[in-house]
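Since the structure comes first, as structure tokens, the remarks are kept for the end.
Each reported figure results from applying straightforward, stated rules to the coordinates on display, with no laboratory input. This one's a predicted model, so the numbers in the text were calculated from it and none came from an experiment. Because the Cβ atoms are built from the backbone with ideal geometry, glycine has one as well, and the counts that use them run over all protein chains shown.
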Amino acid sequence: MDPECSGPGPLVSLDLRATTAHLVVVTLELQPEQLELAFALPAWTPGSYLIRDYVRQLEALEVFQGDAALPIRRTGVAAWSVRVPRLAPLRLRYRILATELTVRTCHLTAEHGFLALAAVVLQVGGQRWLPHRLRLQLPAGWQAFVPLPADANGDWLARDFDQLVDTPIEAGPHPCHSFSVAGAPHRWVSWGTTLEGADLPAADPHWLADVERVCLACCRLMGVERPAAEHYLFVLHLTDNGYGGLEHDLSTVLQYGRRRLADPDGRRKLLQLVAHEYLHQWNVRRLRPAELCPYDYDRAVVVPSLWFAEGITSYVDQLLPHAAGLCSEGEVLGDLAADLSRYRLTPGRAVQSLRLSSQEAWVKLYKADAYAVDNQVSYYLKGAVVALVLDLHLRRHRSGLPAVLRGLWRSHGCQGRGYRQEDLLNALAALAPDLATLLPRWLDALEDPPLDDYLDDVGLALSAETSEEPWLGWHLEIATQGLTTRRVLRDSPAEQAGLMVGDELIALAGQRVQRMEDVSTVLKVWPGAPLEVLVARDGRLLSTVLTPAPARAKAWRLEPRPDASAEAAERRRRWLALELP
Ligand SMILES: [Zn+2]
């Protein structure tokens, strides 16, 4: 029997009932338009700049016309083609193994199903821009949460392949919570529970109202009355200790640790993650770098303005809950100081510029290892530092970053025009002409931008907290074999002693060390003296000498200056509230 294939564009059916095998059975029914049909699975998903080779989870691909199986030719690692005997409906069948729980992979268990469709749906040659219909078969008692319009048959309708793979699917017996933002319907669904065993809105009666306030603060920041999405879905996975988010046009998927949520600061940090992903519905999704228009799902594409897409968003996500009236000035200054500390403790900022960090995202940030801190700096982290400097610089010119975002939204985002690096520069220089020379310098510099002067404008100063112990430049952890070096910082005493990540620390100054406290005790007894270190590496014992350096700053605090003027304090209030001067 020929498959059902009415209307143009493929029908994608996903069967989620094989929960114990964690297999999603996929059927694509389509009308071929040529006798040679090509199809491919994306290698990555937008928003997460790593070639993931989703095809490693695809198995048992078959193509049928009527009852006849057609021979399939492999044309690439994730690409195939089929010679079609006649232009009659085709049926493609395969399975996807869904065992990886992140915001950009698939996970199917007896408790829930989560699908990132870039990892699931084949793109059919010549049919990318045709409408795609989506049909789900679910275990009994489950419902699906899909941020697409549904038709009378219960199928969901995507405008094209791009909109379909921009659609995350959460399914399970979970309840759905509805609220609205400036009249636009929003849904919140969470899988996994808090430490007390409750669903997130059930555990926190103010949660949805606070999320709504953060969403409204995002709209105010963008200078719009309503969100860009006509309707919106939040999916939250509460896991043991996870963290992450992925932005989509009509939704976001968040992963967050239930232990973090038990921490008093954890709720505010989750609101910041909500703000970050929600703001992405403008910055990076609709206000999109030209290099991503349209997406090339087959290969890595260099995006030089990732520092803007992620750095600006990371900077304002810290201010948005405050602008929504949900946290104090002290809390937001504490969060900004924590990021500035993390930045100043990253030796890689003297190796990789912000511009390079954006260009190298695919091969550096997304492939960071234990040495990454030495030779790279995240475009999220340094991007947020440069965003802070840009915002305060623009305020000297009686403007601010909110004006830049609003201007770019009007000139590019809401018109569907991708922006290039020059467009960003022009938008910033239109408000502060000296940024035409300063910004390129900050993007290419290996030195820190001039932060202290700008903080002075808003009556703030950074003060260092010095460590009580001499500086060794290693980070230790308790691994299964014992005390082990997790990091060895560049140009540090530990590096000069020849230590490497993964060395097992056996003895220090002739004393057996097994716990962190053992190291502290030795350092107290022989302050500053060269210490004999005995380590095990690859099954052999090695001895070396470690010469501690004077104690260094371990963090910085961001505090109001007692001598700051009333004008500086008012500038600070407006800046932290994301109000223009
Ligand atoms: Zn982001």
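Sparse packing (at most 16 other Cβ atoms within 10 Å of the Cβ) combined with a DSSP loop state is found for the following chymotrypsin sites (Phe, Trp or Tyr not before Pro) in the range 332-372: Tyr371.
What range in the chain is the longest one free of trypsin sites (Lys or Arg not before Pro) that are in a loop by DSSP and have at most 10 other Cβ atoms within 10 angstrom?
Counting at most 10 other Cβ atoms within 10 Å as exposed, the longest clean stretch of the chain is 300-581.
Secondary structure note: in the chain, about 80% of the DSSP beta bridges are antiparallel. Close Lys pairs in the chain (alpha-carbon distance under 21 Å; sequence gap of 8 or more, or different chains): 5.
Here, the range 242-391 yields an orientationally averaged convex hull projection of 9.5 nm² when only Cα atoms define the hull.
Seen from a random direction on average, the alpha-carbon convex hull of the chain projects onto 29.8 square nanometres.
Taking a sphere under 11 Å around the Cβ of Ser565 and counting the other residues whose Cβ falls inside, with K and R at +1 and D and E at -1, yields a net charge of -2. Using all pairs of distinct alpha-carbon atoms, the Kirkwood hydrodynamic radius of the range 415-456 works out to 11.8 angstrom.
If a spin label sat at a point 7 angstrom from the Cα of Leu541 along the line to its beta carbon, no backbone N atom of the range 461-505 would be nearer than 12 Å. Summarising the label geometry, the points placed 7 Å from Cα in the beta-carbon direction at Glu225 and Ala202 lie 3.8 nm from one another. Remark: C-alpha extents of the range 94-206 on the principal axes read 50, 37, 25 Å, sorted largest to smallest. Modelled spin-label separation between Ala68 and Asp434, with each label point placed 7 Å from Cα along the Cα-to-Cβ direction: 7.5 nm.
The translational diffusion coefficient of the range 373-497, from Stokes-Einstein at 20 °C and 1.002 mPa s with a Kirkwood hydrodynamic radius over alpha carbon pairs, comes to 120 µm²/s.
May I ask you to list the chymotrypsin sites (Phe, Trp or Tyr not before Pro) in the range 66-141 that are in a DSSP loop and have at most 15 other Cβ atoms within 10 Å of their Cβ?
Sites meeting the loop and neighbour criteria: Trp129.
Estimated at 0.36 nm per residue, the fully extended path between Ala529 and Ala182 surpasses their Cα-Cα distance by 118.5 nm. When Cys176, Cys414 are sorted by how many other C-beta atoms sit within 10 angstrom of their C-beta, beginning with the fewest, the order is Cys176, Cys414. Taking Cα centre as origin and charging only the Cβ of basic (Lys, Arg, +1) and acidic (Asp, Glu, -1) residues, the dipole magnitude of the chain rounds to 580 debye. Helix-only arithmetic for the chain: the sum of -39500 (n - 2.57) across DSSP H runs with n ≥ 4, divided by the residue total, places the mean residue ellipticity at 222 nm at -8000 deg cm²/dmol.
Largest first, the three principal axis extents of the alpha carbons in the range 11-172 are 43, 38, 28 Å in whole numbers.
Using Cβ point charges alone (K and R +1, D and E -1), the dipole size of the range 468-581 about the Cα centre works out to roughly 220 debye. Suppose a student asked you for the relative contact order of the chain, using Cα pairs under 8 Å spaced at least 6 residues apart; what percent would you report? Relative contact order of the chain: 10 percent.
Subtracting the Cα-Cα distance of Asp296 and Leu50 from their residue separation scaled by 0.36 nm leaves 87.3 nm. Dipole of the chain computed with +1 at Lys/Arg Cβ and -1 at Asp/Glu Cβ about the Cα centre; of Ser190, Pro321, Tyr94, farthest Cα towards the positive end is Tyr94. For the range 474-551, averaging the sequence separation of C-alpha pairs within contact (under 8 Å, six or more residues apart) and dividing by the residue count gives a relative contact order of 26 percent.
With a Förster radius of 45 Å applied to the beta-carbon distance between Asp151 and Ala368, the computed FRET efficiency rounds to 0.55. Residues within the reach of a label modelled at Ala479 (point 7 angstrom out along Cα to beta-carbon, backbone nitrogen below 17 Å), restricted to the range 352-371, are 369-371. Using Cβ point charges alone (K and R +1, D and E -1), the dipole size of the range 351-453 about the Cα centre works out to roughly 560 debye.
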